[in-house]
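A quick write-up on the structure given underneath.
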Amino acid sequence: MATGMDKQIVADLKAAGIDYITSVPCKQLAGVIEVLEDTPEIMHMPSNKEDEGMGLCAGAFMGGMKPAIVMQNTALGVVVNTLATLIQFYQIPLPMLISYRGEVGEPVACQVEMALHTKAILNQMHIPTYHFHKPEDAAELPGILEYCQMASKPVAILCDASFWRASA
């Protein structure tokens, strides 16, 4: 069931002109995905894999839309090539709303390993990264989305388990 935070995040995306979002299923992001399904101003296209979703976002951008992707950090290793050779090379502004699995409070042990590498991979790729740990951190989202468009770069917005728990 969607929370007020899920609704606010989608409202901020809509206000920033984001009109195309692809997502891959994620328990932490299920509320955001639920709200997207009920937001006719944003075309929501579920995707099977994150790298496929980035390809869909690139196509949407080249077709004149403003895309974003909703995904888990555990797939970051899978999308490195797509991020570098498609999204970054063609300077596609792509907000990536990422559930930051594997942090303190994570109930699934296998998620921990990717959490250890997430920020290092994003840093190595020179992708601006923002970490939402508390609900009030989400107040930065409109500015982050504006920066993403202005800089023509992907940005990563990491939302950890503490953020989602406190936002429920």
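Coordinate-derived values only; no laboratory data. Every value quoted in this text rests on a predicted model; they were computed, and no experiment measured them. In this analysis, Cβ positions are derived from the backbone assuming ideal geometry, glycine residues included, and neighbour counts consider all displayed protein chains.
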Q: Could you list, in sequence order, all residues of segment 111-128 that are in contact with a Lys or Arg (Cβ under 9 Å, 6 or more places away or on another chain) and either surrounded by fewer than 17 Cβ atoms within 10 Å (Cβ to Cβ) or small (Gly, Ala, Ser) (or both)?
A: 112, 115, 126, 128
Q) Within segment 6-24, which residues are farther than 25 Å from residue 62 by Cβ and surrounded by 20 or more Cβ atoms within 10 Å (Cβ to Cβ)? A) 6, 9
**Q.** Checklist (1) surrounded by fewer than 16 Cβ atoms within 10 Å (Cβ to Cβ); (2) closer than 25 Å to residue 11 by Cα; (3) of a type in the set (A, V, I, L, M); (4) touching a helix residue (DSSP H, G or I) at 6+ places or on another chain (Cβ under 9 Å) applied to residue 70, failing item
**A.** (1)
Q) Across segment 43-59, what is the total count of residues that are surrounded by fewer than 21 Cβ atoms within 10 Å (Cβ to Cβ) and touching a strand residue (DSSP E or B) at 6+ places or on another chain (Cβ under 7 Å)? A) 6
Q | segment 93-118, residues that are touching a residue at least 24 places away in the same chain (Cβ under 8 Å), within 13 Å of residue 73 (Cβ to Cβ) and not in a strand (DSSP E or B) | A | 101, 102, 103, 106, 111, 114, 115, 117, 118
Q) Conditions: (1) polar (S, T, N, Q); (2) under 17 Å from residue 114 (Cβ atoms); (3) out of contact with any Phe, Trp or Tyr (no Cβ under 7 Å at 6 or more places or on another chain). Residue 73 meets all but one. Number of the miss? A) (3)
Q: Looking at (1) farther than 26 Å from residue 143 by Cβ; (2) in a helix (DSSP H, G or I), find the lone condition where residue 7 falls short.
A: (1)
